[in-house]
Amino acid sequence: VIATKNGAPVEIHQVLDNGLLVDPHDQHAIADALYKLLSDKQLWSRCRENGLKNIHRFSWPEHCKNYLSRILTLSPRYPSFPSNEDQFKAPIKGRKCIIVIAVDSASKKDLVCIIKNSIEATRKETLSGSTGFVLSTSLTMSEIHSLLISAGMAPTDFDAFICNSGSDLFYPSRAGDSPSTSRVTFSLDRNYQSHIEYRWGGEGLRKYLVKWASSIVERRGRTEKQVIFEDAEHSSTSCLAFRVVNPNYLPPLKELQKLMRIQSLRCHALYNHSATRLSVIPIHASRSQALRYLSVRWGIELRNVVILVGESGDSDYEELFGGLHKTIVLKGEFNTPANRIHTVRRYPLQDVIALDCSNIIGVEGCSADDLTPTLKALGIPTK
């Protein structure tokens, strides 16, 4: 080769030694190098032999080998977690299988049915303690608590709650001497919180988003009506929520994300609740990342995790498919149609996700009888 003496070709040439380096702005240097290679047969042969002998060092297998060997020198591979926190978070640590319920396309009533049916389908394993449940949703912890209590369910049926689209992670536990007098408390995982809050905009980001929200208006003649408002009730330390009055006037998610990047804002914007709520969370936070954090934190094998999703979902819906875990797509009339502004995707889902993969199974319905054979097919023990 004859290559520029600037940048990466210099390092490549040091390994291969299969040509000459020149100043790309010097025509005479390029001509001289061409002439030298063509006229000096010994130089040509040496460069040719070196190239054939060493080119494998720039192959993908070699690159991956070098990359992984460098990673192994970095320690510790995972962060160390305080052992004194294990006492109230112990249940999830001993589970053999974890079922994550992340169905966004169902009403609260249907979501409760799906939760109950999932627990019923694995009743035997749930009672034995080998199977645990995690609820992953855009709801706040208080909304989840109210939903479960109103349905006559105990929050302690779950090992963890991934709330606010992955920006909060809670563990339920009972406080009290006996079941009759005990009350359920929710412990925030502060290790996860400190991780996702790295360079989180906080109050400065909130002020910018409030100003931006006031600029999104519905125009009718000469009158303007604001359609996005700050929602303090559903906001948290690491999730800024906004109430949407008219989703039709929201910008497409792709445009909103572009605006965030232009302003150098380190955050994710998500439309959820059928685009009636906008959530802005830290760039390191998401429901899929929270799941991976749980696997590292508690030593859970992702291949033993099953995620239940609907036919559509929130803006982060697609992230729940890829990975070592298994996915069950629940199909049926309970699924609400996807809002057009929810996604940045302009192509079929099967173009980016291998829906025919053995780790992804679609099932018609969401009853316990529908779920039992599907879970069994994925290797999850059932009733």
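The values are calculated or read from the model by the stated rules, or taken from the named source; none is laboratory data. Bear in mind that the values here come from a model prediction, so they are computed numbers and not experimental data. Reconstructed Cβ throughout: ideal geometry from the backbone, glycine too, with neighbour counts over all protein chains shown. Quick note on the areas: whole protein, heavy atoms, side chains included, nothing else; ligands and nucleic acids left out. Shrake-Rupley method; radii C 1.70, N 1.55, O 1.52, S 1.80 Å.
Relative to a virtual label point 7 Å from the Cα of LYS93 in the Cα→beta-carbon direction, which members of segment 275-307 show backbone nitrogen distances below 17 Å? Residues 293-301 fall inside that zone.
In the complete set of protein chains, residue-level accessible area for HIS56 is approximately 100 Å², probe 1.4 angstrom. Take the cross-link list LYS108/LYS258; LYS258/LYS331; LYS108/LYS207; LYS93/LYS326 and give me the ones stretching past 23 Å between alpha-carbons. Check vs 23 Å cut-off fails for LYS108/LYS258; LYS258/LYS331; LYS108/LYS207. Over all Cα atoms in segment 91-382, the spread is summed up by Rg and Dmax: 19.3, 65 Å.
Here the sum of -39500 (n - 2.57) over DSSP H runs of 4 or more residues, divided by the residues of the chain, equals -10500 deg cm²/dmol at 222 nm, to the nearest 500. Extension gain for the segment LEU302 to THR276, taken as residue separation times 0.36 nm less the Cα-Cα distance, is 6.1 nm to one decimal. On the basis of the beta-carbon distance and an R0 of 41 Å, ASP231 and TRP60 show a calculated FRET efficiency of 0.30. For the residues GLY221, GLY204, GLY313, a GNM of the chain with alpha-carbon springs under 10 Å puts the largest fluctuation on GLY221.
The alpha-carbon of LYS96 sits under 17 angstrom from the alpha-carbons of these aspartates and glutamates, leaving out residues fewer than 8 places away in its chain: GLU125, ASP157, ASP159, GLU301. Distant-in-sequence amide contacts of SER187, defined by a placed amide H-H separation under 5 Å and a gap of 5 or more residues or a different chain, comprise TYR171, SER173.
The slack in the chain from SER187 to CYS113, taken as 0.36 nm per residue of separation less the alpha-carbon distance, amounts to 24.1 nm.
Accessible area ranking (1.4 Å probe, heavy atoms, ligands and nucleic acids excluded), largest first, for THR372, THR276: THR276, THR372.
Among GLY299, GLY202, GLY19, the largest mean-square fluctuation in a Gaussian network model of the chain (Cα springs under 10 Å) belongs to GLY19. Taking the accessible area of the chain, probe 1.4 Å, and keeping the other protein chains in place, the carbon and sulfur fraction comes to 52%. Heavy-atom accessible area, probed at 1.4 angstrom with all protein chains present, ranks ASP369, ASP356 as ASP356, ASP369, highest first.
The GLU120 and ASN359 beta-carbon pair, evaluated with R₀ = 30 Å, returns a calculated FRET efficiency of approximately 0.80. A crude spin-label estimate for the pair LYS331 and ALA151, with each label 7 Å from Cα along the Cβ direction, gives 2.4 nm. If the segment from LEU74 to ASP23 were pulled out straight at 0.36 nm per residue, it would be longer than the present Cα-Cα gap by 14.6 nm.
Sorted largest first by accessible area at a 1.4 angstrom probe radius, with every protein chain in place, the residues LEU21, LEU72, LEU148, LEU38 fall in the order LEU72, LEU38, LEU21, LEU148.
In the chain, a dipole from Cβ-located charges (positive for Lys and Arg, negative for Asp and Glu) runs towards its positive end, and of ALA154, CYS47, LEU302 it is CYS47 whose Cα lies farthest in that direction. Once backbone amide H atoms are built at 1.01 Å from N, ARG277 has VAL244, ASN272 as its partners under 5 Å, excluding neighbours fewer than 5 places away on the same chain. Note on the chain: GNM, Cα springs under 10 Å; of GLU311, GLU218, GLU11, the largest mean-square fluctuation is that of GLU11. Rolling a 1.4 Å probe over the heavy atoms of the protein chains gives the chain an accessible area of 55 Å² per residue. Label segment 2-73 by shape, choosing from rounded, prolate and oblate, from the square roots a ≥ b ≥ c of the eigenvalues of the Cα gyration tensor; if a/c is under 1.5 it is rounded, and otherwise prolate applies when a/b is larger than b/c, oblate when it is not. Taking the square roots of the gyration eigenvalues as a ≥ b ≥ c, segment 2-73 is oblate.
Under 5 Å between amide hydrogens, which residues at least 5 positions from ILE307 or on another chain qualify, with H placed 1.01 Å from N in the peptide plane? Excluding prolines and chain starts, which carry no amide H, the hits are VAL100, LYS326, THR327, ILE328. Taking a point 7 Å from the Cα of GLN350 along the Cα-to-Cβ direction, the residues of segment 294-316 with backbone N closer than 20 Å to it are 309-313.
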